[in-house]
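What follows is a single structure, written as structure tokens, with notes after it.
Readers should treat all values here as calculations from the given coordinates under stated rules, not as data from a laboratory. This one's a predicted model, so the numbers in the text were calculated from it and none came from an experiment. So basically every Cβ, Gly included, is an ideal-geometry build from the backbone, and we count neighbours across all protein chains shown.
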Amino acid sequence: MPAPNLLTENGLDVKKGWFDMASLDYAAKLSSTVTFPVQRGRVVHVNTNGDFVPGAHKTSPAIFLLNGSEDADVSNPGTTAAGNFMHLAVAPTGKLSGLVATGGYEISTTEFVTGNTYQPGDLLSATRSNATTPASTDGKLTNYSVTQYTTPVVGVVSSGAGKNHNGIQALSFWCVYLPGAANWNGVQAASA
Amino acid sequence: MPTQQEIQLLNETLFEQLDTPGMQKQAIDAVNDFTRTKMREDGFYRRIMPPLTITNDELDRQVDTDKPVKVVDKEPDSPAAVSIPFATLPTNFYIRGPRYRVMFDRIVSPRAVKDVDELRTYVIDIRQVLSDNMIKDMLAEEDSKFINALDAAVGTVDVDNPLSGVKQNVTISGGITRETIVDALKVMPQTPSRFEVETCLVNNITIKELLKFGRDEMGGDFSQEIIKNGWAETNFLNCRWIVTIKQNLVKNDEMYMFASPKFIGKNYELEPTTMYIRREAYMLEYFAYNTQGGSFGHTNGLAKVKFV
């Protein structure tokens, strides 16, 4: 039996700017190219089909996921690992929601590259291992080799990284979206 | 049908309730009464799988999520009985009942905002305008989710369903005739569960094909009745017929068939449709929402045909 996850292991706390009826959020399904679980707090963008894909994009604003793809209000898989039928869900439908980086939020997220050192004011982008094929490590915040006007910027470090109130490493940042250069190759490494 | 004076009185009452501190609840209740009635009448998902109200106490807590979840037991299969000679003992089987989880999400209407002074000029029943648009959106979403799951459950057209081993999504040639409809009703009973069709769902274009049935097909005076007065039957061929105008969900010449809801699954309503109304200074905002969860626990009670 797979070990259960703690409720607090993955996710984001929105320290400022949410929730309010006017908050800018967005809901969509994951792209069918994403075949792995996407955790709460990961960075996604909207592709040309209107679906979420993990990682930053040069023109599509970053979105910070409030739900993970396996959350109970997102999916209810009814086929066992062996391929047997258990049930078929009418709801939920697979839609996730998240906060759009152009909104005014200070966020604390567990989904960042923990090996890097973060200073207030560091620019942040989101990992993306390949321009076309999503990988399970995509969508984590990193400050590695983030160059203004070249790499798409999705946030700026506020107070930095440290253990949050649940004892989980979290990075605090202000979200912002600065598109990448037209010739950006779509790959953002996590660290050196 | 209320008179114009009555409608204006209703609108004034609503505004008074919104104006008076502590009276917003009454204003919301006034709209909610209407909302619930329309929902029951209009959504075909709710008519096929009536929602069961579920309370907090009936939810099943999970270790890895704080989202609401309900675990439902499913009837277990059992080995077949066998004939044996004397002095032979029966084989054993250990009792294990399968279960499945129903999870929930929320349906929410768009949030409308309006300056109240502009609303004052309306002479229609403002409560009906407020709730109608919201409910139409919510019903469309609810029924759309149901049809999407249904299409997944019945499987690929004219291919054996991997769960039942027989076709549950069938093309039937010959148009819509008495013979082809009866053939359609044979699809579901051929599954291993042998369920009979209890409910048929078609759109309002497809049902008109039945109006063409002559006395020899429809049966005597019934043919005369529908040619005079149109289709008003809810029971036909020992099935309950639901006719929808949502042609984008139920296509022309298609028919969905359902066994009794107890053979299909569960549709839980955790939060009934609620209208949120708030007035801040001269700006009014309102939207409707509900929380529902549903799963098909068993798919042999579902079938679909396309008449060509």
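Classify the stretch B:69-228: rounded, prolate or oblate, from the alpha-carbon gyration tensor (a ≥ b ≥ c, eigenvalue square roots; a/c under 1.5 rounded; otherwise prolate if a/b is larger than b/c)?
oblate
Does the stretch B:156-295 come out rounded, prolate or oblate by the C-alpha gyration tensor, with a ≥ b ≥ c the root eigenvalues, rounded set by a/c under 1.5 and, if not, prolate when a/b is larger than b/c and oblate if not?
The shape class here is oblate.
Divide the volume of the convex hull of the Cα atoms of chain A by its number of residues and quote the answer in cubic angstrom per residue.
Normalising the Cα hull of chain A by residue number yields 132 Å³.
How long is the gain from B:Ser78 to B:Ile95 if the chain were fully straight, where each residue apart is worth 0.36 nm and the alpha carbon distance is subtracted?
Taking B:Ser78 through B:Ile95 to full extension adds about 5.3 nm, to one decimal.
Which percent, to the nearest 5, of DSSP beta bridges fully inside the protein assembly as shown are antiparallel?
Of the beta bridges lying entirely in the protein assembly as shown, close to 85 percent run antiparallel.
With springs connecting C-alpha atoms under 10 Å apart, model chain A as a Gaussian network and identify which of A:Gly41, A:Gly115, A:Gly155 has the largest mean-square fluctuation.
Comparing A:Gly41, A:Gly115, A:Gly155 in the GNM, the peak value goes to A:Gly115.
Show me, bin by bin at 10 Å from 0, the whole-percent P(r) of the stretch B:152-207 based on Cα pairs.
21, 53, 24, 1
If r is the Cβ-Cβ distance from A:Ser159 to B:Ala140 and R0 is 51 Å, what FRET efficiency results, to the nearest 0.05?
Calculated transfer efficiency: 0.70.
When the Cα centres of the stretch B:47-61 and the stretch A:79-103 are compared, how far apart do they sit, in Å?
20
Using helices alone, what [θ] at 222 nm do you get for the protein assembly as shown, with -39,500 (n - 2.57) per DSSP H run of 4 or more residues, divided over all residues and rounded to the nearest 500?
It lands at -5500 deg cm²/dmol.
Springs between alpha-carbon atoms under 10 Å, Gaussian network over chain A: tell me which of A:Asn116, A:Asn49, A:Asn130 tops the mean-square fluctuations.
Comparing A:Asn116, A:Asn49, A:Asn130 in the GNM, the peak value goes to A:Asn49.
Sort B:Val202, B:Val71 so that the residue with the fewest other Cβ atoms within 10 Å of its own Cβ comes first and the one with the most comes last.
By the 10 Å Cβ count, ascending: B:Val71, B:Val202.
Hey, fewest Cβ within 10 Å first, where do B:Ser260, A:Ser158, A:Ser75, B:Ser83 land in order?
Taking fewest neighbouring Cβ atoms as first place, the list is B:Ser83, B:Ser260, A:Ser158, A:Ser75.
What would the Debye equation give as log₁₀ I(q)/I(0) for the protein assembly as shown at q = 0.08, 0.11, 0.12 Å⁻¹, counting only Cα atoms as equal point scatterers?
For the protein assembly as shown at q = 0.08, 0.11, 0.12 Å⁻¹, log10 I(q)/I(0) is -0.67, -1.10, -1.20.
Could you give the alpha-carbon Rg of the stretch B:217-303 over 2.2 N^0.38 Å, rounded to two decimals?
1.69
Using label points projected 7 Å from each Cα along Cα→Cβ, tell me how many nm separate A:Ala189 and A:Leu24, to one decimal.
With each label placed 7 Å out from Cα toward Cβ, I get 3.2 nm.
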